[in-house]
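Student: One structure coming up, written as structure tokens, with questions to follow.
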Amino acid sequence: MYFGKLKEAKGVVHINESWCKGCGFCVNYCPTKVLVLSKDYNAKGYHPPQVQDAELCRDCKFCELICPEFAIYVSPAPSDGDEDKETHGA
Amino acid sequence: MNVNANANFAQDNPMSQFLRMERMPHIWCPGCGIGTVVTAFAEAVKKSGLDLDKIAIVSGIGCTGRTAGYVKLDSFHSTHGRAIPLATGLKLANPEMKVVVFSGDGDLTSIGGNHFIHAARRNMDITVVCVNNFTYGMTGGQMTPTTPHTANASTTPYGNYEYPFSLPFLADACGATYIARWTSLHARQISGSIKEALNHKGFSFVEVIAPCTTLYQRRNRLGDGLDALEYYQNDAEIAHGLDTRQVDIDYQGKIKVGKFVEKQKPTYLDNVNQHYAQVIGDEYELYGKTTPEKEAEAKAKAESAAKGAV
Amino acid sequence: MVRKVKADPKGVLEGPHFMDGDHALAEGALAAGCRFFAGYPITPSTETAERFAERCPEVGGLFIQMEDEIASVTALIGGAWGGQKVMTVTSGPGMSLMLENIGLACMTETPMVIANVQRGGPSTGLPTLTAQQDMMQARWGSHGDYRVIALAPDSPQECFDLAIEAFNLAETYRVPVLIMTDETVGHMHEKVVIPPASEIEVVERNWYTGPKDQYKPFKFGAENYMPGPMVKIGDGYRFHITGLVHDERGYPQASVEAGKINITHLIEKIDSNRDKIVRFEADQLDGAEVVVVSYGITSRIAIKAVMDARKEGIKTGNFRMITCWPFPEKQIREIASKVKAIVVPEINYGQMVLEVERMAAGKCKVISVNSTGGAVHDPNEILAAIKEGRS
């Protein structure tokens, strides 16, 4: 079956800690709970997000969209060679 | 490990073609909704397939007014309330352009209210995005024409005793031909609506209810940005096509969102050209033809001349 | 870089006409290549807007009646960066409304022409009667330190001529140019000769042609602070302009240093080119005991007084300012060092006379022949002042 070949999209989260103002939007509204607020502070004194479980990211980019600081984005995870490239990220 | 501490974050960020990254980080407060709307706008432009060189953005003054300075398009940071007349000038001088106004509620509907209603009345072919945070942020949290009745502002320290504007209703009454409203939590929907607005011919208006954490939220003890998004999540109701008379917002009440109006009507320039063509006749040369239109016309003229010669 | 070309014949209504100053302003603008007019009705300037509205479809231009004067002048900023030569016209109350955005035009170095057909003020004042009461407002009305250029025509013919000149100056210096005419000139019908397009020189916009990613909208020249070239929207430069203090890229810079560079440029591009900008007419200044300094419609009254004084044997010079701002400082200073008195008639309570006094700096008497507005002077009032000046 065609659907059998489909695989879940995976993303890589990129965070610019220095631009983050710690609003927590990305953490709270990530549908798969990839992120948590770090216990560390950035230079401005905010807690930036950090990835708690990278495997959970489905490349939906909602964090990228909701982030008011342009401080986070997601790129598609490089596909594993043995998988069907055509369906990747579908 | 699927996480990158990217040294080239600014360049690799998908927003880099769209923002003046050298100006980041921006001046907006933690939890402010404006940045989200800017990203949604960028997504809308990307999805629309429009040429970035053919979009101009105009802002007035205030927090939202800073948008023009961050967006890497032909961008104009004008005076308080005057984004729409400046946009009108741009559009009419160069009708090939998509002209977008990014304004806050105070800028657009208080000091700039007259321009708003008249641009809507003319069905001027521009897109107006209003980030409505119910307050003047830049000057310190004063009451605006959209501050809900009873809400606290620095100039209504005992609560607001005025009646607010319902912006979709105002725009509708004045003749706007595309009207949508979302909250800043509805990032994808904002993006979808702005994309439709960009492709709409005529005066299109997208209102986005967004948190002002430092002033509106704090003065009213409503918590931070996350609390505002939670309110939107709980109390925003999607109601596409709802009569705009029914979309006013009470203090912390339900927020009707969705696409309320979409209709076709000749734009200001359509009317200029149609009217003159009618009353003056063939000798009237249409104003503001696009380059492809001019080229097609020249070609047709040359062809008909060639035929005539035969 | 100033590039002059011949006027586009399409906008030139060649030939002799009998028209008023307001209409002549519109014709001058069209001859100069202006194809974008945004305005709002106000007596006694409305005829210019009406003329433009009528002529627009004939010349491929656009007229829009905006919702107010604030919108009108702001639309010009958009129109100019949209690539057009732009104009509006107004009178006192409308001028007051425009001032904030004239400041924006100065700050963003946007060329435009604004005609103020002056009427009596303050407030609604004397809408249908003449005045020269907005001369200081023209110079100082918007907030902050800035410079504009202001011209004062004394006849419908000069309304036509100076409208072209105003556009040329606006393009050369990237600055709003004000045409400070008045109700009398605006509504006076006279012969106006419009020359053929081949005899009209217009300054083309100084378009930038370098690499797109290197365009800096506010980079100015090393010599005399001359402004740099412009681009228009839609050509891929993705430029930014702002009313905030900015650097040469147009990016806001909230610093003392940036402000110093920015504001010095706005001022010096006019002040250090004063000699190139200032236009005047001088007659019999050599050996004069008294010189009458005037502008606009008042010059035409003054000439009668000057001739009467000469008949009575008083050596009287006549100096007519065509450019009021920048003020002809050098010329007035020189006159003041040689004469007994300068007489300054104006249809106001004494405005440009303050500049004359400043230049005279006590070297000669300065006599203001002022009025509360509404009518031109009786030449005898000026003659009396000339006699007083000689004594």
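The values are calculated or read from the model by the stated rules, or taken from the named source; none is laboratory data. Because the structure is predicted, anything quoted here is derived from the model rather than measured. Neighbour counts are summed over all protein chains in view; Cβ atoms, including those assigned to glycine, are modelled from backbone coordinates with ideal geometry.
Student: Go through the range B:113-139 and count every residue that is under 21 Å from B:SER193 (Cβ atoms), within 14 Å of chain C (Cβ to nearest Cβ) and in contact with a Lys or Arg (Cβ under 8 Å, 6 or more places away or on another chain).
Tutor: 4
Student: Tell me the residue from B:THR88, B:THR109 that is among the β-branched types (Val, Ile, Thr) and under 19 Å from C:ILE64 (Cβ atoms), please.
Tutor: B:THR88
Student: For C:GLU388, indicate whether it is outside any strand (DSSP E or B) and within 16 Å of C:ARG300 (Cα to Cα).
Tutor: In short, no.
Student: Would you please name the residue that is surrounded by the most Cβ atoms within 10 Å (Cβ to Cβ), looking only at residues in the range B:107-133 that are of a type in the set (Gly, Ala, Ser) and more than 12 Å from B:THR177 (Cβ to Cβ)?
Tutor: Among those that are of a type in the set (Gly, Ala, Ser) and more than 12 Å from B:THR177 (Cβ to Cβ), it is B:GLY112.
Student: Of the residues C:ILE241, C:ILE233, which is within 14 Å of chain B (Cβ to nearest Cβ) and in a strand (DSSP E or B)?
Tutor: C:ILE241
Student: Here's another thing I want to ask about it. Scan the helices (runs of 4 or more DSSP H) fully inside the range C:122-222 and keep the ones with 1 or more residues being crowded, with 24+ Cβ neighbours inside 10 Å and of a type in the set (Phe, Trp, Tyr).
Tutor: By residue number, C:156-173.
Student: Looking at (1) of a type in the set (A, V, I, L, M, F, W, C); (2) within 21 Å of the chain's Cα centre (by Cα); (3) more than 8 Å from chain B (Cβ to nearest Cβ), which is the only condition C:ALA75 fails?
Tutor: Exception for C:ALA75: condition (3).
Student: Given the criteria surrounded by fewer than 16 Cβ atoms within 10 Å (Cβ to Cβ), within 15 Å of the chain's Cα centre (by Cα) and either over 30 Å from C:GLY61 (Cα atoms) or assigned by TED's automatic domain parsing to the domain that holds B:VAL129 (or both), does B:LYS195 qualify?
Tutor: no
This table checks each residue for (1) at negative phi; (2) within 16 Å of the chain's Cα centre (by Cα); (3) in contact (Cβ under 8 Å) with a residue 60 or more places away in the chain.
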site: A:LEU6; (1), (2), (3): yes, no, yes
site: A:VAL13; (1), (2), (3): yes, yes, yes
site: A:SER18; (1), (2), (3): yes, no, no
site: A:LYS21; (1), (2), (3): yes, no, no
site: A:PRO31; (1), (2), (3): yes, yes, no
site: A:LEU35; (1), (2), (3): yes, yes, no
site: A:TYR41; (1), (2), (3): yes, no, no
site: A:PRO48; (1), (2), (3): yes, yes, no
site: A:GLU55; (1), (2), (3): yes, yes, no
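Student: Output the residues belonging to the range A:16-68 that are in a strand (DSSP E or B) and more than 9 Å from chain B (Cβ to nearest Cβ).
Tutor: Answer for the range A:16-68, where residues must be in a strand (DSSP E or B) and more than 9 Å from chain B (Cβ to nearest Cβ): A:LEU35, A:VAL36, A:LEU37, A:PRO49.
Student: If the requirement is being modelled with pLDDT under 95 and within 14 Å of chain B (Cβ to nearest Cβ), which of these qualifies: C:GLU109, C:GLU58, C:GLU54?
Tutor: Criteria check complete, one pass: C:GLU58.
Student: Condition first: touching a residue at least 40 places away in the same chain (Cβ under 8 Å), within 18 Å of B:PRO95 (Cβ to Cβ) and of a type in the set (A, V, I, L, M, F, W, C). Now tell me which residues in the range C:67-79 satisfy that.
Tutor: Selection gives C:LEU76 alone.
Student: Quick check on my filter: what residues within the range B:244-291 are of a type outside the set (D, E, K, R), within 14 Å of chain C (Cβ to nearest Cβ) and in a loop (DSSP other than H, G, I, E, B)?
Tutor: B:THR267, B:GLY281, B:TYR284, B:LEU286, B:TYR287, B:GLY288, B:THR290 - these are the residues of the range B:244-291 that are of a type outside the set (D, E, K, R), within 14 Å of chain C (Cβ to nearest Cβ) and in a loop (DSSP other than H, G, I, E, B).
Student: Related question: For the range C:16-29, check the following and say yes or no: at least one residue is within 14 Å of chain B (Cβ to nearest Cβ), modelled with pLDDT of 95 or more and under 19 Å from the mean Cα position of the chain (by Cα).
Tutor: No; the residues of the range C:16-29 include none that is within 14 Å of chain B (Cβ to nearest Cβ), modelled with pLDDT of 95 or more and under 19 Å from the mean Cα position of the chain (by Cα).
Student: Out of all the residues in the range C:114-132, is one or more under 23 Å from C:ASP275 (Cβ atoms) and at pLDDT 95 or above?
Tutor: Checking the range C:114-132: not a single residue is under 23 Å from C:ASP275 (Cβ atoms) and at pLDDT 95 or above.
Student: Here is a check on your reading of the model: is C:PHE280 in contact (Cβ under 8 Å) with a residue 40 or more places away in the chain and of a type in the set (Phe, Trp, Tyr)?
Tutor: yes
Student: Working carefully through the options B:GLY60, B:GLY69, B:GLY35, B:GLY65, find the one that is surrounded by fewer than 24 Cβ atoms within 10 Å (Cβ to Cβ) and closer than 26 Å to B:SER110 by Cα.
Tutor: The unique qualifying residue is B:GLY69.
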